[in-house]
Amino acid sequence: MPFRFLDNVAIADVAFEARGRTLPALFESCARALTEVMVDRRSVRPRRVERITLTSDSTENLLYDFLTDLIIRKDVESILFKEFLVSLDKSGRKLKCVARGELIDRERHRLRNDVKAVTTHLFGIKRSGKGFSATVVLDI
Amino acid sequence: MLSNFAMKQVSDVLWEIPPSYKPGMRVPARIYANRELLQAMDRIVFEQVTNVACLPGIIRYSYAMADAHWGYGFPIGGVAAFDVEKGVISPGGIGFDINCGMRLLRTNLRLGEVKPKVRELVDLLFQLVPAGVGVKGTQRFAETQFEEITKWGVKWCAEHDLAWEDDPSHVEEGGYIKGAEPSKVSGQAKSRGISQFGTLGSGNHYLEIQVVDPARHFDQVLAQHFGIVHEDQVVVMIHCGSRGFGHQIATDYVRNFEGGMKRAGIQVRDRELASLPFNSREGQDYYGAMACAANFAFVNRQVIVQKIREAFGRVFHRDPEALGMHLVYDVCHNIAKVERHTYDGSTVEAIVHRKGATRSFGPGHPDIPPPYRSVGQPVIIGGSMETGSYLLVGTQRAMEETFGSTAHGSGRTMSRTAAKKSIRGHDLQRKMQEKGIYVKAATMDGLAEEAGMAYKDISQVVETMDRAGISKKVVALRPIGNVKG
């Protein structure tokens, strides 16, 4: 798994550490981890395609904005995603993502927690030997 | 517990950390806890409460209540009052779920009448009150209509047949915080709010049918003031807040504040302590947006109450008025408000931050509705699904000591993952059924995460605050039915 949940970092909330060989792979891992908090991704079908384009002032803020965007889509459009294909420009401040998922189906989807926000607590991207890692704490 | 420096013991339930603890502390920190709670308290609470003591314009003390635990920036269970002229406002001192709060609704029904119908009631409530991940609200609004809701709070409900005549006066601030500025709220936040109108949410939010615990009916005279007249009277408690709307406002302004702080040259010890002068443009913008979220949360709880009245009416085939379903009260526990306080003979106007803390105004305060004014404000403290909750009353001592504030709940001691590893949702549901609590949850995982063992003992928290005299016990409430988001 390119992510693992961290116990006892945020006792009332959920924290995870995600990894990726490249920055786009790291963003994809984070998006999958976020989604797993909300739903068992195996129960989601990739039936609808959404194209997400974002720009921010730093790579870290771009990751924060990307995850926030997915939370907003869950609340406003009732959509959860199964797959993410992320590309970043050279500056690491512009993102394009093709996300595939479907509208929430209470009967079929194994729903979990309603994530409300990404926090800035411990939030950050680190370069590691084999690529990149990120720590994210979600407000539940 | 802190061991390497002098934490002064003020009483058996009050401790003080002096400003010498760390550079930059402007005031001492005060922690309300008995020895056992203090020893169990996460050490990070001491760091956080003393970090807050470093913020500009803080008055008297930085407080941690008996239920304090780690939070983002400020501890949860934290109270801090800042001078309106020289002090700051901090989104981290309010929490992501702006105006998360508790509402208590009474009925004139008794346990014997409700018990046989609990399953039917809970199932109907689950159907009427949307709960869980990505759930849609009960009504849709155009943006301009939604802005009116956020501007006027429960006043809007009263004008749209969504409130009884005496509802607004039984809500903190009359269910409407002045100064709401919808123009200071992002389009994204509004979209999230519009889609979640009247929803319960998930996590630790719930709607619970409870019964007065005859063995813990502490003050019958006060209980009667609050409409609790029988030893086994049934009440309904709601715990929820401003949903994604408030969270998006907090998210937006934590980022905005970072820019403002760079420009103002303000440095803080933790990114989540982002704060700016209350009277700065950005500070006022945040306050205007925060008030919108607070008003939305009041409306959300009001809309849910209307659904509860409908459900009881349908199940008991009686008009909800005839069932005596009036509000006991509604309190905020994630909020900042401008309040006037007098202590040591001087009066100050302060922006009082309560994050996981409840207002606890004592007898005679003009902000308490007339029927309760002579006795003090009702304080509603929610416990875990299994252990029950409390109705308390505010005190003069809270006015003198804590800017009229007390604790808010029990606080987690076990992570969500650990709770899920310890018990399966279905097993917990069965166990609760055996205890006489019928639960309906949006997800079984979510239910397991809220198991009683994952929380502190609420009785110890309530006892500590009672002993400290900043809120007094009135009655304990035991759950019999629960809808969990």
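Here are a few things to note about the model shown:
- Meets criteria (away from chain A (no Cβ under 14 Å), under 18 Å from the mean Cα position of the chain (by Cα) and closer than 27 Å to residue B:294 by Cα) for residue B:63: yes
- Checked against the criteria, residue B:405 does not count as among the hydroxyl-bearing types (Ser, Thr, Tyr), within 14 Å of chain A (Cβ to nearest Cβ) and buried (at least 24 other Cβ atoms within 10 Å of the Cβ).
- Residues in region B:110-133 that are acidic (Asp, Glu) and either more than 22 Å from residue B:430 (Cα to Cα) or in contact with a strand residue (DSSP E or B) (Cβ under 9 Å, 6 or more places away or on another chain) (or both): 2 in all.
- Pair list, Cβ under 7 Å, 6 or more apart: region B:329-352 residue farther than 24 Å from residue B:277 by Cβ and surrounded by 15 or more Cβ atoms within 10 Å (Cβ to Cβ), other residue among the β-branched types (Val, Ile, Thr) and modelled with pLDDT of 95 or more: B:329/B:380; B:330/B:171; B:331/B:358; B:331/B:379; B:331/B:380; B:333/B:358
- Hits in region A:7-35 - residues which are closer than 22 Å to residue A:110 by Cβ and surrounded by fewer than 18 Cβ atoms within 10 Å (Cβ to Cβ): A:7
- Selection of region A:38-66 for residues being crowded, with 21+ Cβ neighbours inside 10 Å and in contact with a Lys or Arg (Cβ under 7 Å, 6 or more places away or on another chain) yields A:38, A:39, A:44, A:62.
- Just one of the listed residues (B:229, B:221) is surrounded by fewer than 21 Cβ atoms within 10 Å (Cβ to Cβ), on the phi < 0 side of the Ramachandran plot and part of a helix (DSSP H, G or I), and it is B:221.
- For region B:373-391, residues that are surrounded by fewer than 20 Cβ atoms within 10 Å (Cβ to Cβ) and part of a strand (DSSP E or B) total 0.
- Evaluation of residue B:447 against (1) modelled with pLDDT of 90 or more; (2) over 18 Å from the mean Cα position of the chain (by Cα) (one fails), failing number: (1)
- Where a residue in region B:243-265 is within 8 Å of another protein chain (Cβ to nearest Cβ) and its partner, wherever it lies, is of a type in the set (S, T, N, Q) and not in a helix (DSSP H, G or I), with Cβ under 8 Å and at least six apart: B:243/B:196; B:243/B:199; B:244/B:196; B:248/B:186; B:254/A:120
- Taken together, the criteria place residue B:465 among residues that are of a type outside the set (Val, Ile, Thr) and either under 30 Å from residue B:403 (Cβ atoms) or in contact (Cβ under 8 Å) with a residue 40 or more places away in the chain (or both).
- Matching residues in region B:100-117 - criterion: being more than 14 Å from chain A (Cβ to nearest Cβ) and either under 17 Å from the mean Cα position of the chain (by Cα) or assigned to a strand (DSSP E or B) (or both): B:101, B:102, B:103, B:104, B:105, B:106, B:107, B:108, B:109, B:110
- Hey, residue A:6 within 13 Å of chain B (Cβ to nearest Cβ) and at pLDDT 95 or above or not: no
- For residue B:343, the conditions (1) modelled with pLDDT of 95 or more; (2) touching a Lys or Arg at 6+ places or on another chain (Cβ under 8 Å) are fulfilled apart from (1).
- Some residue of region B:25-42 being within 27 Å of residue B:282 (Cβ to Cβ), under 22 Å from the mean Cα position of the chain (by Cα) and of a type in the set (Ser, Thr, Tyr): no
- Residues being among the basic types (Lys, Arg) and either in a strand (DSSP E or B) or surrounded by 14 or more Cβ atoms within 10 Å (Cβ to Cβ) (or both) - total across region B:27-44: 1
- Single residue of region B:168-225 satisfying the filter (more than 22 Å from residue B:248 (Cβ to Cβ) and among the polar types (S, T, N, Q)) that is nearest to the other protein chains (Cβ to nearest Cβ): B:210
- Any hit, region A:80-100, residues being within 11 Å of another protein chain (Cβ to nearest Cβ) and over 13 Å from the mean Cα position of the chain (by Cα): no
- Test: residue in region B:380-398 that is at pLDDT 95 or above, more than 23 Å from residue B:78 (Cα to Cα) and away from chain A (no Cβ under 14 Å): no
- Region B:420-460: number of residues that are within 14 Å of chain A (Cβ to nearest Cβ) and under 28 Å from residue B:34 (Cβ atoms): 8
- Filter pass, residue A:81 being within 22 Å of residue B:135 (Cβ to Cβ), among the aromatic types (Phe, Trp, Tyr) and surrounded by 18 or more Cβ atoms within 10 Å (Cβ to Cβ): yes
The values are calculated or read from the model by the stated rules, or taken from the named source; none is laboratory data. The shown structure was predicted, so the numbers you read here are calculated from the model rather than taken from an experiment. Here Cβ is always computed from backbone atoms with ideal geometry, including for glycine, and neighbour counts include all displayed protein chains.
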